[in-house]
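Just below is one structure, and these are the notes that go with it.
The values are calculated or read from the model by the stated rules, or taken from the named source; none is laboratory data. Computed from a predicted structure; not experimentally measured. So basically every Cβ, Gly included, is an ideal-geometry build from the backbone, and we count neighbours across all protein chains shown.
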Amino acid sequence: MSKTALVTGGGRGIGAGIVEKLAAEGWNAVFCGRKEESAFAERCRELETTYGVKAAYYCCDVSVHEERGKLLARVLENFGSLEALVNNAGVAPLVRADILEMTEESFDRVLGINLRGPFFLTQLVGRYFAENKIAGTIVNIGSVSATVASISRGEYCISKAGVAMATKLFAVKMAEFGVPVYEIRPGVISSDMTSVVKAKYDKLIAEGLTLQPRWGEPADIGRAVAMLLRGDLAYSTGQVINVDGGMEIGRL
């Protein structure tokens, strides 16, 4: 029987790359976002036709308590079970502001979507795994921004640092239920989120920001997620998988 994976923020960028790869490997693909469901109806049909899996998109704002509960209920109603959760949904600040100018509204928005939402969705899915004795897998999509400070988007950095600790916390708790929890930490990935700073990062990459002199692609993250969901690193719960072209290696 096919297994089902839920990918939050799966309609674009990194999330779309993850959904594509998982469907290619035979996973039923459920993804969600804040756009209307009709926006991804054709995409779901394409996934089903191309890969012979079942696919669905649900409108859900993961920062809202009630919507998280409805999301899991719909997945279970329409797919029967859930075996993997990929917390990918995330946003950048609406305005890149110095931390001395950052607003509380921006802080709350970014932390709500990037940290509070995935934390409590993981809690919800973790309970489901535990109560139903499902040896599922949980993957959090973090960022190099968890450790690399960027004062023009401090709320984003703080949210990803929180994701890093949430991964450790849930790895400890879910180990007793046979559920591994991982963090994938992307570097500079080509997406709509980074398109506004393309010239900046083109220059930095050309100057040696990354050891591998190119942008990362959503497919790079998709392959890493697929590896974890296959169980290729089954004895490595709680670990961080850097997919950053060597960006975080300290150099003299």
Restricting attention to region 39-59, and to residues there that are charged (D, E, K, R) and in a helix (DSSP H, G or I), which single residue is nearest to Glu25 (Cα to Cα)? Glu48
Does Ala199 meet the test of being of a type outside the set (D, E, K, R), out of contact with any helix residue (DSSP H, G or I) (no Cβ under 8 Å at 6 or more places or on another chain) and on the phi < 0 side of the Ramachandran plot? yes
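Give Val188, Val240, Val181 a once-over and let me know the one that is hydrophobic (A, V, I, L, M, F, W, C), closer than 23 Å to Ser63 by Cβ and in contact with a strand residue (DSSP E or B) (Cβ under 7 Å, 6 or more places away or on another chain).
Val181
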Would you confirm, using the coordinates I've provided, whether Asp98 is over 18 Å from Val64 (Cβ atoms), touching a residue at least 60 places away in the same chain (Cβ under 8 Å) and out of contact with any strand residue (DSSP E or B) (no Cβ under 9 Å at 6 or more places or on another chain)? no
Spot the failing condition for Cys157; the list is (1) hydrophobic (A, V, I, L, M, F, W, C); (2) assigned to a helix (DSSP H, G or I); (3) surrounded by 23 or more Cβ atoms within 10 Å (Cβ to Cβ); (4) touching a Ser or Thr at 6+ places or on another chain (Cβ under 6 Å), and only one is missed. (3)
May I ask you to list the residues in region 1-19 that are surrounded by fewer than 24 Cβ atoms within 10 Å (Cβ to Cβ), hydrophobic (A, V, I, L, M, F, W, C) and part of a helix (DSSP H, G or I)? Ala16
So how many residues does region 192-219 have that are farther than 22 Å from Gly250 by Cα and either part of a helix (DSSP H, G or I) or over 24 Å from the mean Cα position of the chain (by Cα) (or both)? 7
Those residues that are surrounded by 20 or more Cβ atoms within 10 Å (Cβ to Cβ), among the hydrophobic types (A, V, I, L, M, F, W, C) and more than 21 Å from Ser191 (Cβ to Cβ), I need them from region 20-52; list them, please. Trp27
Does region 175-227 hold any residues that are of a type in the set (A, V, I, L, M), without any contact (Cβ under 8 Å) to a residue 60 or more places away in the chain and crowded, with 16+ Cβ neighbours inside 10 Å, and which are they? Val179, Val181, Ile184, Val188, Ile205, Leu209, Ala224, Met227
Somewhere in region 107-118, is a residue farther than 22 Å from Phe31 by Cα, surrounded by fewer than 24 Cβ atoms within 10 Å (Cβ to Cβ) and out of contact with any His (no Cβ under 9 Å at 6 or more places or on another chain)? yes
For region 190-200, indicate whether the set of residues that are charged (D, E, K, R) and at pLDDT 95 or above is non-empty. no
Test: Arg74 is of a type in the set (D, E, K, R), modelled with pLDDT of 95 or more and over 17 Å from the mean Cα position of the chain (by Cα): yes
Can you pull out the residues in region 127-147 that are over 19 Å from Asp61 (Cα atoms), crowded, with 19+ Cβ neighbours inside 10 Å and among the small types (Gly, Ala, Ser)? Gly136, Ser143, Ser145, Ala146
